[in-house]
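To start, the structure under review is shown below, and the notes come after it.
The values are calculated or read from the model by the stated rules, or taken from the named source; none is laboratory data. The structure presented is a predicted model; accordingly, all values stated were derived computationally and were not measured. Here the Cβ is made from the backbone with ideal geometry for all residues, glycine too, and neighbour counts use every protein chain on show. Accessible surface is based on the protein model in full, side chains and every heavy atom, while ligands, DNA and RNA are left aside. Shrake-Rupley method; radii C 1.70, N 1.55, O 1.52, S 1.80 Å.
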Amino acid sequence: ERLIQLKNMGTAAKDRLQSSSLTIALFGSKPGAGATHIGIGLSVYLRNLGYPNLLEEKTDSGMGAGLFAYAGGVRDQYGLLRHHGFVWKPYYGPGVKLKEPPIHVKILDYGACEEAVLSGEIDAILMVCDGSQWSSETSWQAASRAVKKGLPYGIIYNHTVPGARIRLPEGGEADRCFRAPYFPDPFSIEKGELQ
């Protein structure tokens, strides 16, 4: 919502966004729910709209190492890697101290570590729920806990079939729950694809 407001205000608003910060915590209802895939797509989408951002891996899931092997590249002074304009920071562990990069819009990928997300300092929560029928109860419980945090949130249901009914989380609002679009290559998201 904040990005849309700024977009509607024009170039001066985008300049203000560069000097302000926005931290979105991203996590999945379970391993394999698709949080990283959705996070990469969101990061590329925002970049395509003119919002520089960083996807930061917050757990040792191996995503960062896998992306490095896939994309190649060189780490910069902040430990960041780039692939066709997508910028990510792999998980380095608590022993590695790096300078903070000058990117103010951050998507923090917590994988399925819900506890870490709900205890951190963040501006908004973006939760990816496995929308398959056999995961519906687990997804509902996790989404209900995210809503109770009291932060701005969005819940994305991934792996759903058309026409499937989704049970809203306890206290959740229907206009904050979305069905994930099908996009097999998150590195090539076009402007209209995630709307």
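Remarks
- Surface share of carbon and sulfur [accessible, 1.4 angstrom probe, percent] for the range 34-165: 56
- Globularity ratio of the range 84-195, using Cα Rg and 2.2 N^0.38 Å: 1.20
- Heavy atoms of Cys113 accessible to a 1.4 Å probe, total area in Å² rounded to 10: 50
- Members of Lys99/Lys149; Lys89/Lys148; Lys30/Lys148; Lys97/Lys148 lying beyond 26 Å, as alpha-carbon distances in this model show: Lys99/Lys149; Lys89/Lys148; Lys97/Lys148
- Using a Förster distance of 30 Å, the FRET efficiency for Ala116-Arg176 (Cβ separation, nearest 0.05): 0.85
- Counting all C-alpha pairs of the range 88-140, share separated by more than 16 Å (%): 59
- Taking other residues whose beta carbon is less than 14 angstrom from the beta carbon of Ser144, and scoring Lys, Arg as +1 and Asp, Glu as -1, yields +1.
- Selection from Phe86, Val147, Leu108 lying farthest towards where the dipole of the range 74-153 points positive, charges on Cβ: Phe86
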